[in-house]
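Comments concern the structure below.
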Amino acid sequence: MIFMDIKELLDGSINNRVVDEEYVIPKEDYVNTDIIDLSKVKVKGNLTYPSDDNLFLDVECSGIMKLNDSVSLEPVTYPFSFKISENASEFIEKDQFTLDIISILWENIVLEIPIRYSEVTNYDEYKGDGWRVISEDEKNVSTNNPFKDLLKEIEKE
């Protein structure tokens, strides 16, 4: 875990802290996910602690994750960016006056993992005996479907 020192914010010495850091998410955090590798995550913005006892994090985050291509299964890079604007009070380690920034980042990175991502543009090489991968455009074009008549009958009902 990586913690951000927020003692000056909590004791009232300052009410705003500029954040301009790069954080490394530990590999053990994403070992059982679709992410093969994750670059340093760039975090830039502000951390504020107004008088109402809530710590607000307002930052832009960006990085690059390496995933397996959904079609070719080859490793590909997937750039991501997101904004965090939330109350981060639940991530404060009270006794240590620190903020668990990695937990906040990880919760948001998980939401950026695409369900399906491919850089393949030529689907011709992905075929076999009686099957082939088609693009979204080809999917909408009428093809020689042996079940076409059956589908029409089902749609009538």
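Overview of values
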| quantity | calculated |
| --- | --- |
| Subset of the stretch 1-34 [open to solvent by 100 Å² or more (accessible area, probe 1.4 Å) and out of contact with any strand residue (DSSP E or B) (no Cβ under 9 Å at 6 or more places or on another chain)] | Glu28, Asn32 |
| Residue that is farthest from Tyr126 (Cα to Cα) [pool: residues in the stretch 79-112 that are among the hydroxyl-bearing types (Ser, Thr, Tyr) and open to solvent by 50 Å² or more (accessible area, probe 1.4 Å)] | Ser85 |
| Output for the stretch 35-56, where each listed residue is within 18 Å of the chain's Cα centre (by Cα) and either aromatic (Phe, Trp, Tyr) or surrounded by 20 or more Cβ atoms within 10 Å (Cβ to Cβ) (or both) | Ile35, Leu38, Val41, Val43 |
| Members of the stretch 91-115 that are free of Cβ contacts under 8 Å to residues at least 60 places away in the same chain and out of contact with any Leu (no Cβ under 7 Å at 6 or more places or on another chain) | Lys94, Asp95, Glu107, Asn108, Leu111, Glu112, Pro114, Ile115 |
| Which listed residue, of Ser62, Ser135, Ser118, is surrounded by 11 or more Cβ atoms within 10 Å (Cβ to Cβ), without any contact (Cβ under 8 Å) to a residue 24 or more places away in the chain and in contact with a Ser or Thr (Cβ under 6 Å, 6 or more places away or on another chain) | Ser62 |
| Any hit, the stretch 147-154, residues being in contact (Cβ under 8 Å) with a residue 12 or more places away in the chain and out of contact with any Pro (no Cβ under 6 Å at 6 or more places or on another chain) | no |
| Criterion violated by Asn144 - all others in (1) of a type outside the set (Asp, Glu); (2) at pLDDT 75 or above; (3) over 31 Å from the mean Cα position of the chain (by Cα) satisfied | (2) |
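The values are calculated or read from the model by the stated rules, or taken from the named source; none is laboratory data. All values reported here derive from a predicted model rather than from experimental measurement. Because the Cβ atoms are built from the backbone with ideal geometry, glycine has one as well, and the counts that use them run over all protein chains shown. Please note that ligands, DNA and RNA were not included when accessible areas were found on the heavy atoms of the full protein model with its side chains. Shrake-Rupley method; radii C 1.70, N 1.55, O 1.52, S 1.80 Å.
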